[in-house]
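No value in this document is a laboratory result; all are computed from the given coordinates. Nothing here was measured: the structure is a model prediction, and the numbers come from that model. All Cβ positions, even for glycine, are placed from backbone atoms using ideal geometry, and neighbour counts span all protein chains on display.
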């Protein structure tokens, strides 16, 4: 083989090697860009979802706490109908109820945002938690009316406590569903 042919073959092999390396580098760079775009997309979904879930959870929890405080005050008032502190206990129960009622619009807004952000398993858990909170609030309202009408609420204790426990369990299921969705988006 003469030296000219060897030089041409050497240059050809070198060019093919360099070109192949360039193609592999381009494919790898493209793959990296796709991974970065996917990561940014997940992050763009995660941040608004997290904010929506946290806003709903905080508002829901505040409303449960205020309703629970009203429930406690009502039970105390029912046991002290003839005591001078009865009126104070009823006023406290009424105040807690009014504060819980004031959270109605913010809670509905937070629930709507959760529905927009999704996904379905989180919105379903949100709906159940809200429904169970309404059930507990209804039990408290029934007890409030009964105490105001001098009726006994002894038979309301267990259903009221069960409704509160059910609501709280639903809240925990919502938190779990939200955590699962947000955890699945972590990079």
### Task
Taking the Cβ of each residue in 139, 50 as the centre, tally the other Cβ atoms inside 10 Å and list the residues starting with the fewest.
50, 139
### Message
In Å and on Cα atoms, what radius of gyration and Dmax does region 48-184 show?
### Response
16.6, 57
#### Entry: Relative contact order, percent, region 48-184 [alpha-carbon distance under 8 Å, six or more residues apart]
31 percent
### Query
According to a simple spin-label model (label point 7 Å from Cα along Cα-to-Cβ), what is the distance in nm between residue 88 and residue 108?
3.6 nm
### Task
Can you pull the one-decimal nm distance between simple spin-label points at residue 176 and residue 124, each 7 Å off the Cα toward Cβ?
1.3 nm
### Task
Just rank 168, 53, 96, fewest to most, by other beta-carbon atoms within 10 angstrom.
168, 96, 53
### Query
Given Cα pairs under 8 Å that are at least 6 residues apart, what percent is the relative contact order of region 107-187?
40 percent
### Task
Report the full-extension gain for the segment residue 152 to residue 116: residue separation times 0.36 nm, less the Cα-Cα distance, to one decimal in nm.
8.6 nm
### Task
Rank these for me by crowding, 18, 135, 67, going from fewest to most other beta carbons within 10 Å.
18, 135, 67
#### Entry: Simple label model, 7 Å out from Cα along Cβ direction - residue 165 to residue 98, nm
3.3 nm
